[in-house]
C-alpha cells in the first residue's frame with residue numbers, strides 16, 4: 001500500500017524531535033495493514049502530538065486538550081468499521097486522566113498513542129504528569145514536589161486490556177503500533193521520546209537512558225491477560241439489541257365525570273417510604289380519568305430513604321396556568337417530616353381547606369377543617385398510609401370518587417401489582433365503611 | 001380520548017427520539033437525570049447508543065465524536081454541568097458540529113440547590129463560550145412545550161450546524177402534567193445537508209444558498225477533516241486574517257441573520273396596550289394569569305412569551321412593543337434577559353420583575369410590578 005502521509009503537509013517538528021519518528025512508524029503500520037485513508041480516523045488533541053491529524057490523508061479530528069479519548073470513543077461506537085487511532089502527549093495524559101481511566105475500564109477498540117516526552121513542549125517546557133522529580137523544567141521547583149505518574153502501571157491497574165511502553169527509538173516501533181491497532185480492544189502504547197526544543201536543553205536524556213529506564217521498570221508489553229474481556233462496542237450491541245423497546249406513553253381514558261367542577265389543590269405531606277409520589281401520581285391519574293387537567297410537583301430530600309416526601313397536585317377542569325398551590329383544598333398530613341417541611345400552610349389555611357390527619361401525626365394550629373384517620377387501628381403500616389388516604393378521599397367523596405381511583409389504579413398497575421394494590425384499597429374502603437373508624441378532630 | 005401524565009424531562013427525551021436522535025451521553029445530575037434515564041430506555045433497543053460519561057466534559061465529547069459520524073446527538077445537564085461543557089460548546093460553534101444541549105436549570109450560583117428552579121443560566125448559555133459567537137437558545141414554557149421545542153432544537157442544529165440549547169428549568173423538567181401526547185406539534189424532521197457527489201468536498205465551505213457548510217460523516221469515502229483550531233474552508237489551520245474574519249462573520253451571520261425564520265413565541269396582544277410584558281420559560285404561566293387579571297381591571301398589557309431567546313428575536317420584540325410606552329421583563333433571575341430587551345427597545349422604558357430564591361414568581365407579584 002501507499003504511504004498515507006500528507007505530502008503537502010510534512011511534519012513540522014523541531015529537529016531531533018521524537019514525534020516525527022512516531023509519525024513515520026504509524027504510517028508504516030497503516031501501510032502494512034493495507035489500509036486506505038478512509039478506513040482510518042486519526043484523533044488528536046492539544047500539544048505537539050496534536051499536530052498528528054494534519055500529517056495523514058485519513059479522516060481526522062482535532063479537539064481540546066486531554067479530550068481525545070472522548071471524541072475517539074464516540075467515533076468508534078458510531079463507526080465500528082473505522083480504525084480509530086488517538087494521539088496525546090504527557091500533557092493530555094494529565095489533564096485527561098479521568099478519560100484515560102474510563103477508557104481503560106471500558107475497552108472500546110481504540111488505539112491510544114501517548115507520546116511521552118516528559119514535559120509541556122508547546123507552552124515552554126513546564127512539568128507534566130510524567131516529569132521526573134529531579135528534572136530541571138520551566139515550572140521552577142514545583143516538579144520536585146510531585147511524583148511522576150507511571151502510565152503503564154496506572155493503565156493496567158485501571159483495566160487496560162493492552163499496554164505497551166516502548167522507546168520511540170527502538171527498531172520495530174511500527175510493528176508495536178500495528179500490533180496495538182490490530183488488538184481488538186483498548187490498546188495503549190506509551191512511546192517515550194526526547195523533546196529537544198525544551199526538555200533536553202536542561203536535562204540529559206538519550207535513547208540509551210530511555211532504554212535503561214524502561215528496563216529498570218520491567219513492564220511487560222502486550223495484551224494484559226488479567227484485563228481481557230469483551231470489546232465494549234460489540235458487547236454494547238449485544239446487550240442493547242436484547243432490550244425491550246420503550247413503551248409509548250399511554251393516555252388514560254377520560255370516561256368518568258369529575259366529582260366537582262371546581263379546581264382542587266391537594267398536598268400530600270409524608271415521609272420517605274410512604275409511597276407519597278406514587279399516591280400523588282394515582283391521584284393525578286384519577287382526576288385525568290374524569291377529564292381534568294393535572295400538574296404534579298414532588299419534593300423530597302436527596303437521601304431518598306429518609307426525610308420528608310411531598311406531592312402537590314393541582315386538578316382542574318381548565319388549563320392550569322400558575323402551577324403553584326397557594327391555598328390547598330386538601331392536605332394529607334401523614335408524617336411529621338412532611339408536616340414540618342410545610343408547616344406554614346397550616347397557619348394560612350381556613351375552613352375551606354380539609355386536613356386529613358393521620359392519627360399520631362401532630363399538626364400546627366389551623367383554622368382548616370380536620371378529619372383524623374386512625375390508620376393504625378385499620379391495621380395499616382405507615383408505608384401504605386398515602387394510598388390509604390386516597391381510599392379515604394374516594395370513600396368520603398373528597399376531590400375524587402371511587403370509580404376515579406379504580407380507573408387510576410387499573411391504568412398505573414398491571415398483573416400481580418394491580419391485584420395486590422386493589423386488595424389493599426378494597427380492604428381499606430371496606431373497613432372505612434364502619435362508622436367508628438373516622439371522626440372529626 | 002385522554003391525556004398522559006408526563007414530566008418535561010420525559011417529553012424532551014421522546015421528542016429527541018422522534019427527531020432522530022440516536023446518541024445520548026450524560027452525567028447524572030439533578031434535575032436533569034430523568035432525561036438520561038428516559039434516553040436509556042428509548043435508544044438502545046432501536047440501535048442507538050447511550051453512555052454515562054465519567055464527567056460532563058466526556059459526555060459532550062462523546063456526543064461531538066458521534067455527531068461527526070452523522071448521528072444526531074444530545075446531552076443534558078444542569079448549571080454545574082453546563083459550566084463544564086463550556087470548552088466543548090466553543091468547539092461545536094467554531095467547528096459547526098450539530099448538537100442539542102439541554103440545561104434543566106436549577107438554582108445557582110454554583111452547586112446551588114439541586115431541586116429548586118431558576119432561569120439563572122440564560123446569558124451563560126449564550127455567552128459561556130470562548131470567542132463569543134452566537135448559539136441558539138430555545139426555552140419551553142411548560143411541560144407539553146418541551147416536545148415541539150426539542151424537535152425544533154434538533155432541526156435547527158442540523159440545518160445551521162451549531163449547538164442548540166434547550167433552556168428548561170427544574171419547574172418544567174420535574175413537574176408532571178397532563179398532556180395530549182399524540183396531539184403534540186411534530187415539526188417535519190430536518191437532516192443536515194450532505195455534500196453532493198462529484199464535487200470536491202471542503203468541510204467548511206458554505207453550501208449552495210446557505211451560510212452553513214455541507215456535511216460528510218467520518219467513514220465516508222471522501223476524507224473528512226474536523227478541527228477546533230482556526231481553520232480555512234479545507235479544515236486546515238489558517239493564519240490568513242481575511243479568511244479568518246470571513247469565517248467568523250459567517251458563523252455570526254448564519255444564526256443572527258436567520259433568526260426571523262426560527263423566532264418561536266406566543267403573543268396575547270391587547271389593543272391600545274400601554275405595557276408589553278416579556279417573559280419566557282415557566283414564568284410565562286404566572287405572567288399569563290397576571291396579564292389576564294390586569295386586562296380585566298382595564299390595565300392594558302400585551303403578553304409576549306419568547307421561546308427563541310438567542311439569537312434575540314429583535315423583530316418580534318419590536319413589533320410587539322409598537323405603540324406601548326414601557327416593557328416589563330419577568331424572569332427567574334436578577335435581570336438577565338431584561339438586558340436584551342432594554343437593548344432592543346432603546347426608546348422604551350424597560351423594567352424588570354424577578355428574583356432568584358428557588359420559588360416561582362407569583363402572579364400577584366407580577367401584577368404589582370406591572371401596576372407600578
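Surrounded by fewer than 19 Cβ atoms within 10 Å (Cβ to Cβ), within 13 Å of chain B (Cβ to nearest Cβ), out of contact with any helix residue (DSSP H, G or I) (no Cβ under 7 Å at 6 or more places or on another chain) and over 22 Å from residue B:40 (Cβ atoms) - does that describe any residue in region A:257-272? Yes - at least one qualifying residue is present in region A:257-272. Looking across region B:80-120, the residues that are closer than 20 Å to residue B:13 by Cβ and outside any strand (DSSP E or B) come down to B:81, B:82, B:85, B:98. The residue of region A:118-129 that is farthest from residue A:145 (Cα to Cα), among those that are in contact with a strand residue (DSSP E or B) (Cβ under 7 Å, 6 or more places away or on another chain) and surrounded by 24 or more Cβ atoms within 10 Å (Cβ to Cβ), is A:120.
To keep it simple, each residue is scored yes or no on (1) surrounded by 24 or more Cβ atoms within 10 Å (Cβ to Cβ); (2) without any contact (Cβ under 8 Å) to a residue 40 or more places away in the chain; (3) facing chain B (nearest Cβ under 8 Å).
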| residue | (1), (2), (3) |
| --- | --- |
| A:8 | no, yes, no |
| A:11 | no, no, no |
| A:22 | yes, no, no |
| A:25 | no, no, no |
| A:28 | no, no, no |
| A:59 | yes, yes, yes |
| A:70 | yes, yes, yes |
| A:77 | yes, no, yes |
| A:86 | yes, no, no |
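Annotation note: of A:87, A:73, the sole residue that is at pLDDT 95 or above, in the same structural domain as residue A:131 (by TED's automatic domain parsing) and not in a helix (DSSP H, G or I) is A:87. The one condition from (1) more than 8 Å from chain A (Cβ to nearest Cβ); (2) in contact with a helix residue (DSSP H, G or I) (Cβ under 7 Å, 6 or more places away or on another chain) that residue B:66 does not meet is (1). Of all residues in region B:207-230, those satisfying the criterion of being facing another protein chain (nearest Cβ under 7 Å) and surrounded by 19 or more Cβ atoms within 10 Å (Cβ to Cβ) are B:218, B:219, B:223, B:224, B:225, B:226, B:227, B:228. Exactly one residue out of A:157, A:138 is surrounded by fewer than 18 Cβ atoms within 10 Å (Cβ to Cβ), over 26 Å from residue A:28 (Cα atoms), away from chain B (no Cβ under 14 Å) and in contact with a strand residue (DSSP E or B) (Cβ under 6 Å, 6 or more places away or on another chain): that is A:138.
When we screen A:312, A:247 for residues that are within 22 Å of residue A:412 (Cα to Cα), modelled with pLDDT under 95 and within 13 Å of chain B (Cβ to nearest Cβ), the only hit is A:247.
Residues are listed down the side, and each one gets a yes or a no for (1) surrounded by fewer than 19 Cβ atoms within 10 Å (Cβ to Cβ); (2) farther than 22 Å from residue B:293 by Cβ; (3) touching a residue at least 24 places away in the same chain (Cβ under 8 Å):
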residue: B:316; (1), (2), (3): no, yes, yes
residue: B:322; (1), (2), (3): yes, yes, no
residue: B:326; (1), (2), (3): yes, no, yes
residue: B:332; (1), (2), (3): no, no, yes
residue: B:339; (1), (2), (3): yes, yes, yes
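Just one residue in the set B:20, B:47 is at pLDDT 95 or above, touching a helix residue (DSSP H, G or I) at 6+ places or on another chain (Cβ under 8 Å), surrounded by fewer than 24 Cβ atoms within 10 Å (Cβ to Cβ) and at the interface with another protein chain (Cβ under 8 Å from one of its Cβ atoms); that residue is B:47. When residues in region B:174-212 are screened for being touching a helix residue (DSSP H, G or I) at 6+ places or on another chain (Cβ under 6 Å) and in a strand (DSSP E or B), 1 of them pass.
The values are calculated or read from the model by the stated rules, or taken from the named source; none is laboratory data. Everything numeric in this text was worked out from a predicted model, so none of it was measured. So basically every Cβ, Gly included, is an ideal-geometry build from the backbone, and we count neighbours across all protein chains shown.
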